[in-house]
Amino acid sequence: MTDLLIVGGGAAGMMAASAAAACGKRVVLLERNARLGRKLLITGKGRCNVTNNCDLDTLLSNIPRNPRFLYGAFHRFGPADTMAFFESRGLALKTERGNRVFPVSDRAADVAKVLERELENPLITLRTGRAVGLLTEEGRAVGVRCEDGAEYRAKAVLLATGGKSYPLTGSTGDGYRLAEEAGHTIVPLAPSLIPVVTEEDEPKDMQGLSLKNVTLTVTRQNKTVFSELGELLFTHFGVSGPLVLSASAHMRAEPPKTPSEKAFASMLKGSGYRMSIDWKPGLTEEQLDKRLLRDFSKYQNKDIINSLGELLPRKSIPVLLRRAGIPFETKVNSLTREQRRAFVETLKGFTLTPEGFRPIEEAIITTGGVDTRQVNPKNMESKLLPGLFFAGEILDVDGYTGGFNLQIAFSTAVLAAEA
């Protein structure tokens, strides 16, 4: 009989298969897609941020949900182990800003190839099929039943089916149904690392405008919960881009009882979060005011709406002037000091009110999942059904951007496989 049946051929599933085979165990890896690691191929904009080159304390501080549950997994297989795993198999890595680790090639496909090569092991058998039910005997998990009627049996079953984000990659939430079948509580699902829907319509007026080197700050009840320099994109519904995806993981609210696109879009209503964009973080207000005066000296007789093209993207100028309360036809030479001050303040603190998130299918990561109180943190085995194990995004754990979520997948996979 097979020693371990792994359901899900993503990052966690492939790493688990490698770890189990390294222990001399016979493995069947069951994946519903013809291609393994489809979600892995699109992570990090196709570059794949494989981990974060940090210590254990930093790693845990970047896990907002149930970090203590992951202590054993991270201790067994941490960022240094992940880096050693890939580098020892010929994949050169580099550490970038924020200790983010990428392949030197900047190709996620190269990361996937390393994991796929690990599956070229006589102890590992690959099968294609969609698991729809658990098989149990004498109170233990012994396999799964597939949609086509096929059954796969093993001494242990590991669910590494991912979350509900990016369903086209195979993350359709099947694992949650299997876990519920075993009696597990599923903590309500919500999107994380996701574009943000705003109360204001102004982003729609700047739709398609991408800002680089701006600072996004998120506050809640006057307390800063996120602040970073980076890239941001205005959309028809609000804001997106790397900065916003990172910030979204810091905006927590009670998931809707009945998940839907509309429910997620209003999930943050009344939560007290505020977003503030500093369009010119490299300049103080005084320096920005001097810059404006220099530009205005060139266009003294022009309307102000036609005098800001050297400082700002044209698509943004009407929105910013309107926000500052300055009529478009105001002549530059008649602009008051108070109006100039209002414009500077608008540029240094363009505020937006987060109303909610885009649908969970657009999220990079799903927050929520199998209740960690029902899983043994020492080996990732179910406390309710012996022989059933979990790894990766199916668990109610998630991290911020920076390679932390893939590290969760790798760490829980190795711990579960070795158990």
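Values as computed for the structure displayed
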item	result
Test for R220: is it among the charged types (D, E, K, R), under 18 Å from G399 (Cβ atoms) and outside the structural domain of D398 (by TED's automatic domain parsing)	no
In the stretch 342-355, the residues that are touching a residue at least 60 places away in the same chain (Cβ under 8 Å) and outside any loop (DSSP other than H, G, I, E, B)	E345, L347, K348, F350, T351, L352, P354, E355
Residues that are more than 29 Å from the chain's Cα centre (by Cα) and of a type in the set (A, V, I, L, M, F, W, C), drawn from the stretch 135-168	L135, A141, V142, V144, C146, A150, A154, A156
Unique residue being under 20 Å from A11 (Cβ atoms) and either in the same structural domain as A154 (by TED's automatic domain parsing) or surrounded by fewer than 18 Cβ atoms within 10 Å (Cβ to Cβ) (or both) when the list is G387, G349, G399	G399
Selection within the stretch 86-103 - surrounded by 15 or more Cβ atoms within 10 Å (Cβ to Cβ) and in a helix (DSSP H, G or I)	F86, G98, N99
Search result, residues across the stretch 190-231 that are part of a strand (DSSP E or B) and basic (K, R)	K212, R220, K223
Selection from the stretch 300-321 of residues that are within 23 Å of T235 (Cβ to Cβ) and among the β-branched types (V, I, T)	I317, V319
Scan of the stretch 119-154 for residues that are over 15 Å from V7 (Cα atoms) and either in a strand (DSSP E or B) or not assigned by TED's automatic domain parsing to the domain that holds G173 (or both), ordered by number	T136, E137, R140
Yes/no for A363 being modelled with pLDDT of 95 or more, hydrophobic (A, V, I, L, M, F, W, C) and crowded, with 24+ Cβ neighbours inside 10 Å	no
Qualifying residue in the stretch 351-365 (condition: farther than 30 Å from Q221 by Cα and not small (G, A, S))	no
Flag for H236 being of a type outside the set (D, E, K, R), surrounded by fewer than 19 Cβ atoms within 10 Å (Cβ to Cβ) and within 17 Å of S210 (Cβ to Cβ)	yes
Only one of A11, A22, A73, A17 that is small (G, A, S) and surrounded by fewer than 24 Cβ atoms within 10 Å (Cβ to Cβ)	A22
Scope the stretch 208-230; condition touching a Leu at 6+ places or on another chain (Cβ under 8 Å), within 16 Å of H250 (Cβ to Cβ) and either without any contact (Cβ under 8 Å) to a residue 40 or more places away in the chain or of a type in the set (D, E) (or both); matching residues	F226, S227, E228, G230
Any chance R373 is among the basic types (K, R) and surrounded by fewer than 19 Cβ atoms within 10 Å (Cβ to Cβ)	yes
Conditions (1) in contact with a strand residue (DSSP E or B) (Cβ under 6 Å, 6 or more places away or on another chain); (2) farther than 25 Å from L193 by Cα; (3) not β-branched (V, I, T); number of the one not met by N49	(2)
Helices (runs of 4 or more DSSP H) within the stretch 1-85 that include 1 or more residues closer than 15 Å to L126 by Cα	11-22
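The values are calculated or read from the model by the stated rules, or taken from the named source; none is laboratory data. Treat the numbers as computed from the prediction; the structure is a model and nothing was measured. FYI the Cβ positions are ideal-geometry reconstructions off the backbone, even for glycines, and counts take in every protein chain you see.
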